[in-house]
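K.L.:
Structure below; questions to follow.
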Amino acid sequence: MSAPSLATRATDLISSEWTKFRSVRSTFWALLVAVVTPVAVSTIVAFAFASANQHGAPKAGAAKAAPTDPLLPAVISLEYAVIAVAVLGVLAFTAEYSTGLIRVTFAAAPRRRAVLAAKAAVLATVTLAVGEGVAFASFGLDQAILAGHHQGVSLGQPGVPGAVLCAGLLLSVCTLLGLALGAIVRHTAGGIAATIGVILVPGIVALLPSPWSGRIGRFTLLDAARQVSALHPAADLFSPGWSLLVLLAWPAAALALAAVLITRRDA
């Protein structure tokens, strides 16, 4: 009897990881939070922006203030969901370590990097779909609110579709970062703390005086996410194209380190 092909083994492994993913109760709650929270927050922020811009409109003859980016409410709202999906990513590995199931997994699939890749494929697919859905839903709701105050933009406007698509990447990026750090740390509390720290703590560079806030901030995950999702990109950060590379480099580097360590340690 011949050994199963690589495609068959990959399909079986992804199917196994998909079964684990959808059979855990925490998956439902994490995804629910990741959907409801951004939509609710974006609605509140859009109303606040519309009100602030309306009341802050310059009088005749006064200098016109720089317009608030109309995509900012949707971008800000997605940042409130990153903790939920990051926890989901961490648990994808640490839950198996805490129960001892990881030994069964590695016994059934000795190629540990293949297990990591299968988990990454399942998590990335689901959270990318959720992220894009939330990004476009938040955009539509925000622009309906802003349009009522003559401040909205249409999806057909140049630069808008790409910005909204890039905004939806944030959830998938943070999930994969959580998966990688969960595989590296192998402890739920430690993995969650490490992931939140990597995502949120670098944000304190915004408190630094110019130009250091921009010079350092351009390498942080959330600043890169805001830059690729902005209709009016910041001048002191990388261009949207380079910022997209920075955004993707965070989970890529973490997954590469996890792939090295996962084969060098006991289960």
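The values are calculated or read from the model by the stated rules, or taken from the named source; none is laboratory data. Being a predicted model, the structure only gives us computed values, none of them experimental. For accessibility, only protein heavy atoms count, side chains too; no ligands or nucleic acids. Shrake-Rupley method; radii C 1.70, N 1.55, O 1.52, S 1.80 Å.
K.L.:
For the stretch 6-43 and the stretch 112-184, what is the separation of their C-alpha centers, rounded to whole Å?
P.N.:
Comparing the Cα centres of the stretch 6-43 and the stretch 112-184, I get a distance of 14 Å.
K.L.:
According to the Kirkwood expression over distinct Cα-Cα pairs, how big is the hydrodynamic radius of the stretch 90-146, in Å? It would help to have the intermediate numbers written out before the result.
P.N.:
Details: mean 1/r = 0.0732 Å⁻¹.
The Cα-based Kirkwood calculation yields 13.7 Å.
K.L.:
Let me ask something additional. How big is the chain along each principal axis, measuring the range of its Cα positions in Å and listing the largest first?
P.N.:
83, 36, 32
K.L.:
Okay, next question. Ignoring ligands, DNA and RNA, how do Cys166, Cys174 rank by accessible area with a 1.4 Å probe, largest first? Please report the intermediate quantities before stating the final value.
P.N.:
Working: Cys166 30, Cys174 0 Å².
Accessible-area ranking of Cys166, Cys174, largest first: Cys166, Cys174.
K.L.:
Based on the inverse mean of 1/r over its pairs of different Cα atoms, what is the Kirkwood hydrodynamic radius of the stretch 1-51, in Å?
P.N.:
On the way: mean 1/r = 0.0696 Å⁻¹.
14.4 Å is the Kirkwood radius here.
K.L.:
A further question on this structure: With the other protein chains left in place, how much accessible area per residue, in square angstrom, belongs to the chain at a 1.4 angstrom probe?
P.N.:
On the way: 13410 Å² over 267 residues.
Spelled out: the 1.4 Å probe surface of the chain, per residue, equals 50 Å².
K.L.:
Relative to 2.2 N^0.38 Å, what does the C-alpha radius of gyration of the stretch 196-257 come to as a ratio? Two decimals please.
P.N.:
On the way: Rg = 11.4 Å, N = 62, 2.2 N^0.38 = 10.6 Å.
Dividing the Cα radius of gyration by 2.2 N^0.38 Å gives 1.08.
K.L.:
Ignoring ligands, DNA and RNA, what percent of the accessible area of the chain is carbon or sulfur (1.4 Å)? Don't skip to the end; give the middle numbers.
P.N.:
Details: 9350 of 13410 Å².
Its accessible area is 70 percent carbon and sulfur atoms.
K.L.:
If ligands, DNA and RNA are left out, what is the accessible area of Leu71 with a 1.4 Å probe, given in Å² to the nearest 10?
P.N.:
Surface accessible to solvent at Leu71 totals approximately 10 Å².
K.L.:
From the convex hull of the Cα coordinates of the stretch 118-267, what is the mean projected area in square nanometres?
P.N.:
With every direction weighted equally, the projected area is 10.5 nm².
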